[in-house]
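> Below: one structure in structure tokens.
Values in this text are rule-based calculations from the coordinates and carry no lab data. Note that the coordinates shown come from a computational prediction; the quantities given were computed from them, not determined experimentally. Note that we place each Cβ from the backbone using ideal geometry, even for glycine, and neighbour counts take in every protein chain shown.
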Amino acid sequence: MTPRLAGAWSELAATILIWGFYFVRLVQSAGSGQLAEAGFARAMGLPFAVSVAVSILAAILIGFVVEVFDKRDRRRRHRDDDEAWAGLRATRLAHGVVVTSLMILTGLALVLGALSGPSAAERAQAILSSLMDNGLVLAANAGVLILVLAEIAHYGALIVYLGRSRR
């Protein structure tokens, strides 16, 4: 296993663990009513800040370790080119996940908004207010979820592409 492939596996595991913790905590907080009662900043501010900080620190640490081992293992320029192309393809896939997710959410909102009428809008607002005090909090966390899914898709694709380039 090359250092870049090990780094991709490490990043995938760190992303799933760190953000999995955050979203489980968010669902628990919303389900118990604590989020609506206390507000996002009090209920989820610290878990969100910790998730962001730990993600950044994990990326720096994993990147540093990969670079240290990668410099020791510089065998072929061809492998480096394969890894660069794999990274570009994985990034393109991750961007596709973000764009597709946003298009689906936007299209769904437009279609439901156009077809549902005022009574459905009031019911949706009541559901959102019971889950979370502010619909913008739900939208912001949906955006964070899309970014996390894009990162998972990126590292997963990188693992597949780097695995193929080794054969």
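> So how do ILE56, ILE152 line up by other beta-carbon neighbours within 10 Å, fewest first?
ILE56, ILE152
> Separate question: Once you have the Cα-Cα distance between ALA13 and GLN125, take 0.36 nm times their residue separation minus that, and quote the gain in nm to one decimal.
Gain in length upon complete extension: 36.7 nm.
> So if each residue of separation counts as 0.36 nm, and I subtract the Cα-Cα distance between LEU57 and ALA109, what length gain in nm does that give?
Computed gain between LEU57 and ALA109 is 15.1 nm.
> A further question follows. In nanometres, what is the gap between the two model label sites at VAL27 and ALA49, each 7 Å from Cα along Cα-to-Cβ?
2.6 nm
> Tell me whether the range 1-63 comes out rounded, prolate or oblate; compute the Cα gyration tensor, take square roots of the eigenvalues as a ≥ b ≥ c, and use a/c under 1.5 as the rounded threshold.
Oblate.
> Another question, if that's okay. On a full-extension model of 0.36 nm per residue, what is the gain between ARG164 and MET1, subtracting their alpha-carbon distance, rounded to one decimal in nm?
57.5 nm
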